[in-house]
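See below for the structure under consideration.
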Amino acid sequence: MNEAFSPIISASDLQTLSSSSAFVLIDARFGKENYDKSHLQGALHVDLNSQLSDIKPDFSDGGRHPLPDVARFSLLLESLGISPDSRVVVYDDRNGANAAARFWWMMKAVGHKKIQVLDGGMDAAVQVGFPVSSETEKIPTKGTYKADQWRLLIADISEIDKVSQDKNYLIIDVRENERYRGEKEPIDLVAGHIPGAVNIPFASNLDKNGLFLSPAELKVKYEKALEGKSAEKVIVHCGSGVTACHTLLALAHAGMDIPKLYVGSWSEWSRNGREIATALG
């Protein structure tokens, strides 16, 4: 995915961009109350649970954060004043690992070109003097956005069943090592990992300052991990299809093709009677 338009934008570049009105700034932090207290000036809020997911009563059906219908997502983009030619920047407060990367992936999946994640999140912008506000932001003129399908690669639980033990495929679990090893599970009901999956925690995409590693560093890291496998044979997952997008973003930042996202992730797999592996076997 060698695009001239980088998927990552620095806080200083965002500050320069803010002098123009030709972009839409999105706050994807968890909790509307946090946004109401303070947000980057001009930013509009999107909610992971109610707008970027179609949560069902039974998490065994698609996990904790299934994707919404594409048409519904298109209506959200329109309500945010976003059209296909809009330049969009999204941020959160977890270095992109909460909903910012998920929003980025969803926009890429409907074919949007000019979408970037703020490196370092809200804190990085505040540190360079980007103004914050607690005021109600003006609702923009409604955009026009028609999308009919998710265009990026997606894997479902049936595909995981077929390929988890196939050496021609690679399943990457981006959760913390303790969760992968089955030593703790603070969110889902069962600890462990999908048999055959390897663990590359999403935090390893970042440097000691919480910023993304350079494209060159990320490319070396993931070329070694993928061992020549094509994007179609690499599947990335996390707990519920949100943090996994952080690694997909890192791969795009490295100029590599975006692999498959297993949206249901561990929250779905662990509730469907599938085999579970741990550090103990």
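What the table below lists for this structure:
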| quantity | calculated |
| --- | --- |
| Check on ASP207, in the same structural domain as SER240 (by TED's automatic domain parsing), in contact with a helix residue (DSSP H, G or I) (Cβ under 9 Å, 6 or more places away or on another chain) and without any contact (Cβ under 8 Å) to a residue 40 or more places away in the chain | yes |
| Condition check for LEU67: touching a residue at least 60 places away in the same chain (Cβ under 8 Å) and of a type outside the set (Lys, Arg) | yes |
| ARG94 assigned by TED's automatic domain parsing to the domain that holds PHE59 and in a loop (DSSP other than H, G, I, E, B) | yes |
| Some residue of region 92-113 being touching a residue at least 24 places away in the same chain (Cβ under 8 Å), more than 25 Å from ILE200 (Cα to Cα) and touching an Asp or Glu at 6+ places or on another chain (Cβ under 6 Å) | no |
| Qualifying positions in region 209-264 - in a helix (DSSP H, G or I) and of a type in the set (Ser, Thr, Tyr) | TYR222, THR247 |
| Only listed residue being crowded, with 17+ Cβ neighbours inside 10 Å, free of Cβ contacts under 8 Å to residues at least 40 places away in the same chain, under 20 Å from the mean Cα position of the chain (by Cα) and closer than 23 Å to TRP105 by Cβ, chosen from LEU213, LEU226, LEU248, LEU261 | LEU213 |
| Count of region 68-91 residues which are over 19 Å from ALA244 (Cα atoms) and touching an Asp or Glu at 6+ places or on another chain (Cβ under 8 Å) | 4 |
| Residues of region 57-85 satisfying the condition of being over 30 Å from SER270 (Cα atoms) and either touching a Pro at 6+ places or on another chain (Cβ under 6 Å) or part of a helix (DSSP H, G or I) (or both) | SER74, LEU75, LEU76, LEU77, GLU78, SER79, GLY81 |
| Options ASP166, ASP161: the member that is farther than 24 Å from ASP93 by Cα and assigned to a loop (DSSP other than H, G, I, E, B) | ASP166 |
| Count of residues meeting criterion [under 21 Å from ARG102 (Cβ atoms) and either outside the structural domain of THR243 (by TED's automatic domain parsing) or of a type in the set (Lys, Arg) (or both)] in region 163-203 | 2 |
| Complete set of residues in region 10-47 that are charged (D, E, K, R) and either crowded, with 21+ Cβ neighbours inside 10 Å or farther than 15 Å from TRP104 by Cα (or both) | ASP13, ASP27, ARG29, LYS32, GLU33, ASP36, LYS37 |
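The values are calculated or read from the model by the stated rules, or taken from the named source; none is laboratory data. Here the structure is a predicted model, which means the values were calculated and not measured. So basically every Cβ, Gly included, is an ideal-geometry build from the backbone, and we count neighbours across all protein chains shown.
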